[in-house]
1. Count the DSSP beta bridges whose two residues both fall in the stretch 162-243, then state the antiparallel fraction as a percent rounded to the nearest 5.
2. Provide the net charge surrounding Phe217, with neighbours chosen by a C-beta distance below 11 Å and charges set as Lys +1, Arg +1, Asp -1, Glu -1.
3. Extending each Cα 7 Å along its Cβ direction at Lys190 and Ala170, get the distance between those two points in nm, one decimal.
4. Under unit Cβ charges (Lys, Arg +1; Asp, Glu -1), what dipole magnitude, rounded to 20 debye, does the stretch 22-156 have relative to its Cα centre?
5. Evaluate the charge dipole of the stretch 162-244 about its Cα centre and quote only its size in Debye, nearest 20, assuming +1 on the Cβ of each Lys and Arg and -1 on the Cβ of each Asp and Glu.
6. Looking at the stretch 99-244, how many pairs of lysines come closer than 23 Å at the Cα, when each pair is eight or more places apart or spans two chains?
7. Once you place label points 7 Å from the Cα toward the Cβ at Ala93 and Val72, how far apart are they in nm?
8. Counting only DSSP beta bridges with both residues in the chain, tell me the antiparallel percent, nearest 5.
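Just so it is clear, none of the values below were taken in a lab; they were calculated from the coordinates. All of these numbers come straight from a predicted model, not from anything done at the bench. When we count neighbours, we look across all protein chains shown, and the Cβ atoms used for this are built from the backbone with ideal geometry, even at glycine.
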Amino acid sequence: MKKITFIFLISTVLIFEAKAQFTVNKINGTAFTNDEIINFTTHSNSAAELKFTVQNNATENLDFRIRCLSLVNNNGSNFQLCWGGECIPNVAANGIYPDFQNVINAGSNTIGFNDSFKNFNPGDGANYPMDFKFRVFTRNLTGTNVGTGFDITYRYQGPLSIAQKDKLSAMGVKVLNTSVNNFVGLEISKPIGYSILNLQGQTITSGKLTENTNLNFAAYQTGLYFINFISADGLVDAVKIYKK
């Protein structure tokens, strides 16, 4: 029984060490979670840029690469990956970047190297969301894969569809912008109820609108929010808003 317990403990330690070999972090230092999906509703501007850093927690220098695992509703064109000291303007499914050894020393990170994902592709106007899934993985300096990979998906939700614009128009609402620093501009032609929700579904504020207005998002943290609208005759719709 002691032998089995010892083997189990050793296996657990090895698994933990493999998973903890490196972390992928947001630019503010907090860690992304494995298989996390990061949503965007804008492209070709600073709000569409996903900056990241990689921390080598291992006791040896390692070669870090990024593989493009899959592409959904796109072919990888006009999607920029800045990594390993270069910016690649297009990615390809199963492509590995960079195509040379990219060493991060033991205990070091990539802060200051301006590593990022950024989408410049607006899509075809119909097929959304557009997913770009990547895996960060490591090799030792002799070229052998080591540790466990870390997956992250960049998702472009797309702009408001024509159908959604038409529905909002029928409700008496025109949304002027869905990516904001401070305000969401609304043109209101009919009285409309609204509520602002966070990603957890919690209502932040609500009320009734009867004229053109700006909804103030200045105090909100960066991330996705939803504005739910309900008209007097019962029509309901929601718009995703990205706060920069």
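1. Values: 28 of 30 bridges.
Bridges in the stretch 162-243 are about 95 percent antiparallel.
2. Numbers: positive: Lys243, Lys244; negative: none.
My count for the surroundings of Phe217 gives +2.
3. So the label points at Lys190 and Ala170 sit 0.9 nm apart.
4. On the way: 9 positive and 11 negative charges, 12 e Å.
With Lys and Arg at +1 and Asp and Glu at -1, about 60 debye.
5. Numbers: 8 positive and 5 negative charges, 41 e Å.
The dipole magnitude comes to about 200 debye.
6. The number of close lysine pairs in the stretch 99-244 is 25.
7. Taking the two extended label points, one gets 1.3 nm.
8. Values: 67 of 74 bridges.
Just about 90 percent of them are antiparallel.
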